[in-house]
Amino acid sequence: MGTRKRTRNGDIDDEVIPPKRKNIGPAPFSHDEAALEECDRIDYSIRITKDMAESDTAPRPVRVYADGIYDMFHSGHARQLMQAKRVFPHVYLIVGVCDDELTHKLKGRTVMSQEERYEMVRHCRYVDEVVTSAPWTLEEDFLQQHKIDFVAHDDLPYNAPGVEDVYKDIKAKGMFVATQRTEGISTTDVIARIIRDYDMYVRRNLSRGYTAKDLNVGYMKEKKLQFQQKVDLVKGKTKELIDKIGDKRHELIQKWEENSREFVSNFLELFGRDGRINQWWTETRQNVVRAISPPHPPDEEDSPRTYSPLPRSSPESPPLKRRHRNSTSASPATENRWLDEEDEY
């Protein structure tokens, strides 16, 4: 696959040129035998100017050095190294990567370890050699050791403790070549995206087998995230169902309205005030009342009850028989009571 050609003013045109690759393996470290042999072949007494490098009249490959942290290696890093590789026609690109100790001290904690960052950079197609534990400020001894002709970096001043721009001396020597930053992408931006969607990424890793302890998440937070994961799953399935329905949803809604009317009508027919359920209940209750109530004679049920006083004795009726008193057994009070009762009759 071809690549685009970089013009002298730094722009990239659409001319396709074939890639020039001697091998497809990772770039060697500066202390590896292949890198040391390449360095020994360089006659550093021949100083190469920018005019010589740009016109491709240099008697040897131009050794360009680029450095950085390269944490969470992304497309912005790759584009920077591509620009450094193609800044001149014939470039041997050396990339320095700072170690953890120096980076944590001067810039802050990294996500990837130094070994991971070294491996990411040496597997970039534009890199010819990797310098581990690269210095923060480039001294003359370092330039001489690696036989560096030019240093590539973006043109913005890069501050350090007590230093306004670590590339100030390089620029003064005429050894600096500028690259362009890629807008919208940086390690800080990538980390900000992760922090913004923190819960989503934690839920993803929990679903992939990581424990709450692995992710430094508390028990309650874990349960909350797992619940939210299930909610999102239901939402996703609902959205898929709605998307599948598509244009048929109006037809389904109309059918639902028709069925709902029929359902309401059937419900009222069964459970309404004059519905079949209410009629059945009334008849059942009446049958139960008849079953437990005793029957009444027809005459008593049809005519009201009348009460008449006790019959008095008439002149034609035989006289009431007086009680015989036994004078021997009744007291005078008892005899008087008997007389009173006879008078009442």
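Remarks
- Some residue of region 80-88 being more than 19 Å from Gly174 (Cα to Cα) and either in contact with an Asp or Glu (Cβ under 9 Å, 6 or more places away or on another chain) or of a type in the set (S, T, N, Q) (or both): yes
- Out of Val127, Val87, one residue alone is among the β-branched types (Val, Ile, Thr), in a loop (DSSP other than H, G, I, E, B) and more than 38 Å from the chain's Cα centre (by Cα). It is Val87.
- Hits in region 264-305 (condition: of a type in the set (A, V, I, L, M, F, W, C) and either modelled with pLDDT under 70 or surrounded by 10 or more Cβ atoms within 10 Å (Cβ to Cβ) (or both)): Val264, Phe267, Leu268, Leu270, Phe271, Ile277, Trp280, Trp281, Val288
- Inter-residue pairs, beta-carbon under 6 Å, first over 13 Å from Gly96 (Cα atoms) and in contact (Cβ under 8 Å) with a residue 40 or more places away in the chain and in region 137-165, second part of a strand (DSSP E or B) and of a type outside the set (Val, Ile, Thr), 6+ apart: Lys147/Arg63; Asp149/Arg63
- You will find that of Ile195, Ile191, the residue that is out of contact with any helix residue (DSSP H, G or I) (no Cβ under 9 Å at 6 or more places or on another chain), open to solvent by 100 Å² or more (accessible area, probe 1.4 Å), among the β-branched types (Val, Ile, Thr) and closer than 30 Å to Gln80 by Cβ is Ile195 and no other.
- Being touching a Pro at 6+ places or on another chain (Cβ under 9 Å) and buried (at least 17 other Cβ atoms within 10 Å of the Cβ) is a description that does not apply to Val121.
- Residue satisfying all of: in region 90-118; in a helix (DSSP H, G or I) and touching a residue at least 12 places away in the same chain (Cβ under 8 Å); surrounded by the most Cβ atoms within 10 Å (Cβ to Cβ) among these: Arg117
- Residue identified as out of contact with any Lys or Arg (no Cβ under 9 Å at 6 or more places or on another chain), surrounded by fewer than 17 Cβ atoms within 10 Å (Cβ to Cβ) and closer than 19 Å to Leu143 by Cα among Thr57, Thr49: Thr49
- The residues listed here are Val177, Val217, Val202; of these, the one that is surrounded by 15 or more Cβ atoms within 10 Å (Cβ to Cβ), in a loop (DSSP other than H, G, I, E, B) and among the β-branched types (Val, Ile, Thr) is Val217.
- Taken over region 78-121, the residue count meeting the criterion of being under 19 Å from Ser186 (Cα atoms) and basic (Lys, Arg) is 4.
- Cβ-Cβ under 7 Å pairs, at least 6 apart or on other chains, region 36-59 side within 21 Å of Lys173 (Cβ to Cβ) and modelled with pLDDT under 95, far side assigned to a helix (DSSP H, G or I) and of a type outside the set (Val, Ile, Thr): Ala58/Met52
The values are calculated or read from the model by the stated rules, or taken from the named source; none is laboratory data. Just so it is clear, the model here is predicted, and its values are computed rather than measured. Counting neighbours? That spans all protein chains shown, and the Cβs are built from the backbone with ideal geometry, glycine included. Remember, those area values only see protein heavy atoms, side chains included, never the ligands or the DNA or RNA. Shrake-Rupley method; radii C 1.70, N 1.55, O 1.52, S 1.80 Å.
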